Amino acid sequence: MMKKNFRNRLLAVTAAAASSFLLLSGFDSALTVQDVNDHMREALSSMGGFSADMNATADILLDVAMGEQSQSIPITGSMDMSVQLVEEPFALAVSGNAAGDASAMGVAGSIDLDMYLLTQEDGSGVAYVRFPQGGDEAWHAAALSAEDMEKYTGAIKAALSGNASEAFSSQLGTQVDVTNELMEMATENMILAPEAVSVNGVDCYEMTQSIDGNTLFEIISKVVEAVPTSGLDASSLSAFQMFFDGIRVDTVTDVAVDTFQPVSAGIDLSGSDFSALGQLLGSMMFSSQDASSAAPQIGVTVNALNCSINYSEAPAEIIVPEEALAAEIETTLALSDVAAAAATTVG
């Protein structure tokens, strides 16, 4: 009996200690996913910007069978990007590297990118870009009108505050209604961990979610409906529906317990079935072969296909290299022209 009483007291003390720790860390078990998301949007809108490091990985194997011949084609890729954003005055810096290897298909290589977008005193913008290619290591500069900068920065600020409708409207220059139904679809099966999770040394609320291909396609369809200038309609979009069969998107979002600022986020498609993609690749190869030959059978194995983001405080300012600032402005970028070109390409 004494052992049992001692064990019960020990369990009670342990539970009390755990509860005290959660209270001291600021973790509130009564909060819901919606509560945490709302607090996170409020925190984002007051941060004044952010710094983020993004890492993506792809490890895919294609098994191609044509008649009695077969071949395995490994495809790997990686991307490391750093993003810094300051809201007032708006400044953006992006730098990183992307690399891919599909040697069996004669494709391999890497690219580097450095880009800065700064707001000028008159409200216009200047973009500085270095994209080493073909021996060109120089910085290039382009101007953006004050109107386009207002649209661009307005969309960024609206997105940070969680106002999707305003973000779309600012970017497109027309009123776009993204309904509450769409936002609910995107978060309806999120799960909030019952205890604080330590991420990068920070106590966090952790939200996880799995979205199946059908739900993902429905969300994308509603976004397309809400953006009439996207260049897509329901009939053209339906042609892509088969690609969503078997897709599963797993996400995780970590938010600091004390500030509700984002700490990290991740998206993983590694558990997806890409059989439909294999069928498409096979049919594309078949169309280029002799009509008498059978379509190749292509199996797609995705060992890894994921992306992670780690956030930190916004920089005090963004410093542009002197050699970038010395570049002469070569052209003027117009967001409307870019959008029109994208719509024409899609159409």
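The values are calculated or read from the model by the stated rules, or taken from the named source; none is laboratory data. Computed from a prediction, not measured in an experiment: that's the story for all the values here. Heads up, the Cβs are rebuilt from the backbone with ideal geometry, glycines too, and the neighbour counts pull from every protein chain shown.
Key figures
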{"item": "Count of segment 227-253 residues which are touching a Phe, Trp or Tyr at 6+ places or on another chain (Cβ under 7 Å) and either at pLDDT 95 or above or in a helix (DSSP H, G or I) (or both)", "result": "2"}
{"item": "Segment 105-135, residues that are among the hydroxyl-bearing types (S, T, Y) and touching a residue at least 24 places away in the same chain (Cβ under 8 Å)", "result": "Y116, T119, S124, Y128"}
{"item": "Any hit, segment 43-60, residues being without any contact (Cβ under 8 Å) to a residue 40 or more places away in the chain, over 29 Å from D258 (Cβ atoms) and of a type outside the set (K, R)", "result": "no"}
{"item": "Filter result (under 20 Å from M54 (Cα atoms) and assigned to a loop (DSSP other than H, G, I, E, B)) within segment 88-131", "result": "F131"}
{"item": "Filter pass, A314 being closer than 30 Å to E206 by Cβ, modelled with pLDDT under 85 and not in a helix (DSSP H, G or I)", "result": "yes"}
{"item": "Tally of residues being at pLDDT 70 or above and in a loop (DSSP other than H, G, I, E, B) across segment 260-303", "result": "10"}
{"item": "Residue satisfying all of: in segment 137-157; aliphatic (A, V, I, L, M) and assigned to a strand (DSSP E or B); surrounded by the most Cβ atoms within 10 Å (Cβ to Cβ) among these", "result": "L144"}
{"item": "Matching entry among T119, T57, T153 (being under 30 Å from N310 (Cβ atoms) and modelled with pLDDT under 85)", "result": "T153"}
{"item": "Test: residue in segment 64-81 that is out of contact with any strand residue (DSSP E or B) (no Cβ under 8 Å at 6 or more places or on another chain) and either among the charged types (D, E, K, R) or on the phi > 0 side of the Ramachandran plot (or both)", "result": "yes"}
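Quick grid of which residues meet (1) crowded, with 16+ Cβ neighbours inside 10 Å; (2) within 24 Å of N200 (Cα to Cα):
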{"residue": "M47", "(1), (2)": "yes, yes"}
{"residue": "M54", "(1), (2)": "yes, yes"}
{"residue": "Q69", "(1), (2)": "no, no"}
{"residue": "S72", "(1), (2)": "no, no"}
{"residue": "E87", "(1), (2)": "yes, no"}
{"residue": "G96", "(1), (2)": "yes, yes"}
{"residue": "L117", "(1), (2)": "yes, no"}
{"residue": "E121", "(1), (2)": "no, no"}
{"residue": "Q133", "(1), (2)": "no, no"}
